[in-house]
Each structure stands twice: as C-alpha cells, then as structure tokens.
Amino acid sequence: MRKYIIVMLFTAAAVILGACGSPENKVLSNIETIEENTVPALTDTIQNIIDREAEMSALFNTSVTDEELSDFKNDQSPLYENLNQRSELAAGLTEIEEELKSMSENIGSADVSESEELKEEQVQQLAETVEKLGESIKNVREGYENVSSTETAFFESLASENADYNTLNEGITEVNEVHGEVAAYYQSINEQLQAFQNGSNEMKNALGEKTAGSEKSAQVETGTTDVKTEESASQKLYTVDPETSAIVPSSEEAEPAAVLLTIDDAPDENAVAMAHTLKELGAPAIFFVNGMFIESEEGREKLKEIHELGFEIGNHTYNHFNMQEITPEDTALEIIDTSDLIEEAVGERPKYFRAPFGVNSEASISTAEKENMTVMNWTYGFDWEPEYQEAESLADIMVNTEMLGDGANLLMHDRTWTSEALRDIVNGLRDKGYTLIDPKTIDTEGGVTE
C-alpha cells in the first residue's frame, strides 16, 4: 500500500510539474515525443506494409500459374493471409493518428506570446503540420480499406468459372490504381515529415537545443509494388499502325476501346508532377525524352523518378531537331546519344522512338530500327496551339474531339497547362469507356517504317 501511495505521489508531481512547465518546454517535449516515438512507429508500420506488398506480388505470380487457381478459392491461403496482415497493419495506424492529433492540440495550445525564443506563428505552423501528418495517415488507413476490398473482389473474380484474360488484366489495372492512390498518400506523409523536421529544427535552434542537423530525416519509401504477372508483362496485345500511328489490336484478347497516352519533351519542368498524377490515377503512359534535359544530374534524377514510378521511357532525340534538316550522321548521334543517356539514368535502353514534329527521315527510321525501337507518331494532340494553352479548354478538346476513337495515340507535352489538365483528361477518357493501353503490351514488330 505504501508503495502504491508513493507511486501515486510521483505521478501527481509529474502532472503538476508538467502543467507548470514553461510553454517552450511544452512545445519541446511534444517535439521530442514525436521524433523519438511517433515517427519511428509510423515509418516502421508503413515499411512493413510495403514489404508485405512486395511479398504479395511474388505470391500472386506464383498463384496465378496454378491452373486450378487454388489460392484464390481458399480464403486461408497465403494470398489472403498477406492481405489480412497488410489490413491489420494499416488499421494499427489509428493509434498513431490519434497521438498526432493530441500532440497537435498540445503544441497549438502553448501560449508563447511572451516567449523571447519562439514566435506564435512558428508554433501554430508546426501544430498544423502535425495535424496534416495525422490526416495523411488517416488517408492511408482508409485507403487500405479500399485496397482490401478491391483485392478481395479481384481474387474472388479469378476464382469464378467465367474468369479469362480480361478478368486478369482488368483486375490488375484496378488493383494497381488503388495502390497508386495509397502511394500518393505515402508521398504526402513524406512531405509532412520533412515539414515537421524543418519546423522542429527551427524551434530547437531558437531554444539552443540539438537538432537533427545534416542527418537524414525519417521518410517512408513511397514506391509500392504493382501487381504484375509474367503473362501480363510479356503478352503483346497491340501494334502500331504504320500509316496512322494508331494503336490497333493484334490479339483477340485486346480491348479495342483503348487509347495510348504519351508525353513529349520530358523531363523539363512538369514531367515529374505529371508522372505522379498518372501514377495516382493508375494510368500508364510513355514519356518521350530529349537528351538535352538529362545531361545534368538533376535531369537524370527526374527521369529516374519517372521510370521508378513505372512509366515507359521513349527516345525523342537529343536537341529536338527536324530529322530531315540534319545529316544522317547527326541523326544517328541525336538518337543514339539520347538512348545512351537514358540507359545511364534508368538502366535500360528505350523501346520507342518519336521524331520531333513527327518528321522522320530514312536515317531516323534506320537508326531506330538498329536500336530495336518501335517508331510512332500520334493521331492527335492540341496543347501547343494557343487556344488550348489553358487547362480547361485543353481537357475539353482532348476528350471531346472527333478524332478520339479506338486506338487513338494521344500526344501531350511537358507543359504547365497540360499537367493541370491531365487528371480531367484521364477521367474524361475513362468516363467515355476507354481503357488506357499499357505500353508493355505493344508489339515491337509494328510501327512507322517510312
């Protein structure tokens, strides 16, 4: 009994001291708790989720090769076990979310109006950052509820008697789309973690405390593992029409009501943002690259980021010259040097070539063929025309033009207004019933030949 009373007295004393502590100490105490306890718990949980995602991809590839598809029919299989593990980890984020909400309120309620070291504006901004971090975590948690239901429905669809390749392909696309949404929330968490670190370091400096200095701030890996199978990655469903550059079915399993998205002149100012938008929407595309943009380390990092998000990289020459206005020797240099730079940045050579202005020459076709690239132009595009250099008008014409049809090869560019219109373009195409073609399903045997 005496021991219990002593413990209670110490507890009461701690509460009293905490209440009487200075506002500066109150802010600092919450910062240290977040740094030492909350952030490590957060990053560990999300990393565990991402690790389980990688395991799921391997499990899926193994399970789909079984002709009986037994794992999809058994809700006790490793596939379902993995899904349940990820769902439980995501649900466990609730506690972290609540902790951050409480600490945001604690920081925001600190009265530093008479403090010589801290400014009220700084404290409120940090409180808002902590609150936003909690909201991003909530988005991940709720997003994983969607992941769970989508994957469960996909597994059950594969277990049905009517399952075919379209069931597989459409299911993979839908699953990757919801994973892309969660990946965007991971990115938001990283942004808030960095903002929190910056704000807390600023306050620690003001209070004469040790900061994180040059140490790397906590971050979560934002890349998630898309669901793919050897079959879906290698099966060729489409070819490039040599006359029109439309993407036409070459297999009975191809979806005819489908279009291809392409982005030229990357990676200049907007390509990375465009890639993140497309990733979030689960929309595949080809980014055609100019070598002049990837000579610098910054440019190579941009390209690497786009590639790591899962996008196909194409060759758009080095300097964007008209291929019919330069010598065959210079043409070869324009193309080969760009492929070399792309390979240096992302580890593989491009599979697609597009000539600037859509103007090819014998030398450009010949060089592309020697480089094992499929040559394509486009069927339509508008974002270089003055009347469509604004997001709303561009989105409207891209979706409602009479030129939109099965196999359309849509040309867009690394431009601010195109980036701003991209989400509406993708959603508008889908609303009209079009599937977005994965470049990996295009046969290299097709393409422009003259």
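The values are calculated or read from the model by the stated rules, or taken from the named source; none is laboratory data. Remember, it's a predicted structure, so these values are computed and weren't measured experimentally. Positions of Cβ are generated from backbone atoms using ideal geometry, with glycine treated the same way; all protein chains shown enter the neighbour counts. These area figures cover heavy atoms from the full protein model, side chains too; ligands, DNA and RNA do not enter into them. Shrake-Rupley method; radii C 1.70, N 1.55, O 1.52, S 1.80 Å.
Only residues that are more than 21 Å from Val240 (Cβ to Cβ) and buried (at least 24 other Cβ atoms within 10 Å of the Cβ) were counted across the range 279-289, and they come to 1. Residue-level analysis places Leu89 outside the set of residues that are within 20 Å of Ser29 (Cβ to Cβ), crowded, with 17+ Cβ neighbours inside 10 Å, out of contact with any Leu (no Cβ under 7 Å at 6 or more places or on another chain) and not small (Gly, Ala, Ser). For the range 49-84, taking the residues that are within 23 Å of the chain's Cα centre (by Cα) and not aliphatic (A, V, I, L, M), the one that is nearest to Ala183 (Cα to Cα) is identified as Glu53. Taken together, the residues in the range 260-278 that are open to solvent by less than 30 Å² (accessible area, probe 1.4 Å) and either in contact (Cβ under 8 Å) with a residue 40 or more places away in the chain or of a type in the set (Lys, Arg) (or both) amount to 13. Scanning the range 110-134 for residues that are open to solvent by 60 Å² or more (accessible area, probe 1.4 Å) and either among the hydrophobic types (A, V, I, L, M, F, W, C) or in contact with a Pro (Cβ under 9 Å, 6 or more places away or on another chain) (or both) gives Asp111, Ser113, Glu114.
One residue is enough: does the range 352-364 have a residue meeting the conditions of a type in the set (Val, Ile, Thr), assigned to a helix (DSSP H, G or I) and open to solvent by less than 70 Å² (accessible area, probe 1.4 Å)? Steps first, answer last, please.
Kept after step one, since they are of a type in the set (Val, Ile, Thr), are these residues of the range 352-364: 359.
Retained after the next criterion (residues that are assigned to a helix (DSSP H, G or I)): none.
The answer is no, given that none of the residues of the range 352-364 is of a type in the set (Val, Ile, Thr), assigned to a helix (DSSP H, G or I) and open to solvent by less than 70 Å² (accessible area, probe 1.4 Å).
Just so you know, in the range 135-158 the residues that are closer than 30 Å to Lys73 by Cα and among the hydrophobic types (A, V, I, L, M, F, W, C) include one that is surrounded by the fewest Cβ atoms within 10 Å (Cβ to Cβ), and it is Ala153.
Please specify each residue of the range 159-182 satisfying the condition of being open to solvent by 10 Å² or more (accessible area, probe 1.4 Å), over 23 Å from Pro256 (Cβ atoms) and of a type outside the set (D, E, K, R). Of everything in the range 159-182, those that are open to solvent by 10 Å² or more (accessible area, probe 1.4 Å), over 23 Å from Pro256 (Cβ atoms) and of a type outside the set (D, E, K, R) turn out to be Ala159, Ser160, Val178. Just for the range 321-341: of the residues that are within 19 Å of Gly358 (Cβ to Cβ) and aliphatic (A, V, I, L, M), which one is surrounded by the most Cβ atoms within 10 Å (Cβ to Cβ)? My answer is Ile335. Picking from residues in the range 56-69 that are without any contact (Cβ under 8 Å) to a residue 40 or more places away in the chain and assigned to a helix (DSSP H, G or I), the one that is least open to solvent (accessible area, probe 1.4 Å) is Ser63. Residues in the range 366-399 that are β-branched (Val, Ile, Thr) and over 18 Å from Ala246 (Cα atoms): Thr367, Ile397.
Listed by first and then second residue, the pairs with beta-carbon distance under 6 Å, at least 6 apart or on different chains, first residue in the range 294-321 and closer than 23 Å to Ala368 by Cβ, second open to solvent by 40 Å² or more (accessible area, probe 1.4 Å), are Ile294/Arg300; Gly299/Phe293; Ile313/His307; Tyr318/Met292; Tyr318/Asp337; Asn319/Met292.
Quick one: would you say Thr449 is in contact with a helix residue (DSSP H, G or I) (Cβ under 7 Å, 6 or more places away or on another chain) and assigned to a loop (DSSP other than H, G, I, E, B)? Yes: the conditions hold for Thr449. Screening Ile49 against (1) under 30 Å from Ala206 (Cβ atoms); (2) β-branched (Val, Ile, Thr); (3) in a helix (DSSP H, G or I) leaves a single unmet condition, (1). Just the residues that are in a loop (DSSP other than H, G, I, E, B) and either surrounded by 17 or more Cβ atoms within 10 Å (Cβ to Cβ) or over 26 Å from the mean Cα position of the chain (by Cα) (or both), please, taken from the range 385-424. Once the filter is applied, which keeps residues that are in a loop (DSSP other than H, G, I, E, B) and either surrounded by 17 or more Cβ atoms within 10 Å (Cβ to Cβ) or over 26 Å from the mean Cα position of the chain (by Cα) (or both), the range 385-424 yields Glu385, Thr401, Glu402, Met403, Leu404, Gly405, Asp406, Gly407, Ala408, Asp414, Arg415.
Scan the range 430-440 and tell me whether some residue there is of a type in the set (A, V, I, L, M), out of contact with any Asp or Glu (no Cβ under 6 Å at 6 or more places or on another chain) and either touching a residue at least 24 places away in the same chain (Cβ under 8 Å) or open to solvent by less than 10 Å² (accessible area, probe 1.4 Å) (or both).
Here is the first cut: in the range 430-440, the ones of a type in the set (A, V, I, L, M) are 436-437.
Checking the rest, the ones that are also out of contact with any Asp or Glu (no Cβ under 6 Å at 6 or more places or on another chain) come to 436-437.
Then keep just the ones that are either touching a residue at least 24 places away in the same chain (Cβ under 8 Å) or open to solvent by less than 10 Å² (accessible area, probe 1.4 Å) (or both); that gives 436-437.
Within the range 430-440 (the criterion being of a type in the set (A, V, I, L, M), out of contact with any Asp or Glu (no Cβ under 6 Å at 6 or more places or on another chain) and either touching a residue at least 24 places away in the same chain (Cβ under 8 Å) or open to solvent by less than 10 Å² (accessible area, probe 1.4 Å) (or both)), the answer is yes, since at least one residue qualifies.
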